[in-house]
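Written out below as C-alpha coordinates is the structure these notes cover.
The values are calculated or read from the model by the stated rules, or taken from the named source; none is laboratory data. Not measured: the values here are computed from a predicted model. Positions of Cβ are backbone-derived with ideal geometry, glycine not excepted, and every protein chain shown enters the neighbour counts. Note: accessible area is taken over every heavy atom of the protein model, side chains too, but ligands, DNA and RNA are not part of it. Shrake-Rupley method; radii C 1.70, N 1.55, O 1.52, S 1.80 Å.
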Amino acid sequence: MTKSELIAKLAARFPQLVSKDAELAVKMILDAMGKSLAQGHRIEIRGFGSFGLNFRPSRIGRNPKSGDRVQVPEKYVPHFKAGKELRDRVDVQK
(Lines give C-alpha, C1' and ligand atoms only; values in the text may rest on other atoms or scores of the structure.)
Protein backbone atom coordinates (compact mmCIF):
# COMPACT_ATOMS: atom_id res chain seq x y z
CA MET A 1 0.00 0.00 0.00
CA THR A 2 1.34 3.41 -0.91
CA LYS A 3 0.93 6.64 1.03
CA SER A 4 -1.65 7.93 -1.47
CA GLU A 5 -3.64 4.67 -1.21
CA LEU A 6 -3.66 5.00 2.58
CA ILE A 7 -4.93 8.58 2.32
CA ALA A 8 -7.68 7.50 -0.11
CA LYS A 9 -8.77 4.63 2.18
CA LEU A 10 -8.83 6.92 5.19
CA ALA A 11 -10.90 9.53 3.35
CA ALA A 12 -13.32 6.84 2.10
CA ARG A 13 -13.74 5.26 5.54
CA PHE A 14 -14.40 8.59 7.26
CA PRO A 15 -16.63 10.66 4.93
CA GLN A 16 -16.55 13.64 7.32
CA LEU A 17 -12.82 13.88 6.61
CA VAL A 18 -11.88 15.89 3.54
CA SER A 19 -9.12 14.31 1.46
CA LYS A 20 -6.75 17.18 2.35
CA ASP A 21 -7.38 16.55 6.08
CA ALA A 22 -6.66 12.84 5.66
CA GLU A 23 -3.46 13.71 3.79
CA LEU A 24 -2.42 16.09 6.57
CA ALA A 25 -3.13 13.46 9.25
CA VAL A 26 -1.05 10.80 7.50
CA LYS A 27 1.78 13.27 6.87
CA MET A 28 1.82 14.40 10.51
CA ILE A 29 1.92 10.81 11.80
CA LEU A 30 4.76 9.81 9.47
CA ASP A 31 6.71 13.00 10.24
CA ALA A 32 6.33 12.41 13.99
CA MET A 33 7.53 8.83 13.59
CA GLY A 34 10.53 9.96 11.53
CA LYS A 35 11.50 12.64 14.06
CA SER A 36 11.17 10.18 16.92
CA LEU A 37 13.44 7.66 15.19
CA ALA A 38 15.94 10.40 14.31
CA GLN A 39 16.14 11.26 18.02
CA GLY A 40 16.96 7.62 18.78
CA HIS A 41 13.60 6.65 20.26
CA ARG A 42 11.75 3.40 19.71
CA ILE A 43 8.18 3.35 18.36
CA GLU A 44 5.76 0.61 19.35
CA ILE A 45 2.28 0.21 17.88
CA ARG A 46 0.45 -2.53 19.77
CA GLY A 47 -0.90 -5.28 17.53
CA PHE A 48 1.20 -4.04 14.60
CA GLY A 49 4.89 -3.93 15.46
CA SER A 50 7.78 -1.77 16.52
CA PHE A 51 10.25 0.49 14.79
CA GLY A 52 13.77 0.97 16.09
CA LEU A 53 17.30 1.68 14.99
CA ASN A 54 20.03 -0.84 14.30
CA PHE A 55 23.68 0.21 14.43
CA ARG A 56 25.91 -0.88 11.57
CA PRO A 57 29.63 -0.47 12.26
CA SER A 58 32.03 0.85 9.64
CA ARG A 59 33.39 -1.73 7.22
CA ILE A 60 35.33 -2.17 4.01
CA GLY A 61 33.05 -2.61 1.01
CA ARG A 62 33.61 -2.93 -2.72
CA ASN A 63 32.52 -0.66 -5.54
CA PRO A 64 30.54 -3.06 -7.74
CA LYS A 65 31.47 -1.20 -10.92
CA SER A 66 35.24 -0.91 -10.48
CA GLY A 67 35.91 -3.50 -7.77
CA ASP A 68 37.85 -0.92 -5.69
CA ARG A 69 37.80 -1.19 -1.91
CA VAL A 70 35.68 1.52 -0.31
CA GLN A 71 35.37 2.52 3.35
CA VAL A 72 31.67 2.41 4.34
CA PRO A 73 31.08 4.61 7.41
CA GLU A 74 29.14 3.50 10.48
CA LYS A 75 25.46 4.32 10.46
CA TYR A 76 22.09 3.74 12.07
CA VAL A 77 19.37 2.17 9.93
CA PRO A 78 15.64 1.95 10.68
CA HIS A 79 14.35 -1.51 11.53
CA PHE A 80 10.77 -2.83 11.73
CA LYS A 81 9.80 -5.86 13.75
CA ALA A 82 6.27 -7.16 13.22
CA GLY A 83 4.20 -7.89 16.32
CA LYS A 84 2.75 -11.31 17.06
CA GLU A 85 -0.79 -10.27 16.12
CA LEU A 86 0.34 -8.96 12.71
CA ARG A 87 2.43 -12.08 12.06
CA ASP A 88 -0.59 -14.27 12.88
CA ARG A 89 -2.92 -12.25 10.63
CA VAL A 90 -0.49 -12.44 7.71
CA ASP A 91 0.10 -16.16 8.23
CA VAL A 92 -3.65 -16.92 8.14
CA GLN A 93 -4.11 -14.96 4.89
CA LYS A 94 -1.83 -17.27 2.90
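Here are a few things to note about the model shown:
- Residue match in segment 6-29 (condition: in a helix (DSSP H, G or I), touching a residue at least 40 places away in the same chain (Cβ under 8 Å) and within 30 Å of Asp88 (Cβ to Cβ)): no
- Pick from segment 39-62, criterion within 15 Å of the chain's Cα centre (by Cα) and on the phi > 0 side of the Ramachandran plot, ranking: surrounded by the fewest Cβ atoms within 10 Å (Cβ to Cβ): Gly40
- Qualifying residue in segment 18-29 (condition: among the basic types (Lys, Arg) and surrounded by 11 or more Cβ atoms within 10 Å (Cβ to Cβ)): yes
- Matching residues in segment 63-94 - criterion: being open to solvent by 90 Å² or more (accessible area, probe 1.4 Å), part of a helix (DSSP H, G or I) and in contact (Cβ under 8 Å) with a residue 12 or more places away in the chain: Glu85
- Hits in segment 39-58 - residues which are in a strand (DSSP E or B), over 30 Å from Val70 (Cα atoms) and of a type in the set (D, E, K, R): Glu44
- Counting the residues of segment 67-91 that are more than 20 Å from the chain's Cα centre (by Cα), farther than 11 Å from Arg56 by Cβ and of a type in the set (A, V, I, L, M) gives 1.
- So Ser36, is it surrounded by 12 or more Cβ atoms within 10 Å (Cβ to Cβ), in contact with a strand residue (DSSP E or B) (Cβ under 8 Å, 6 or more places away or on another chain) and not in a strand (DSSP E or B): yes
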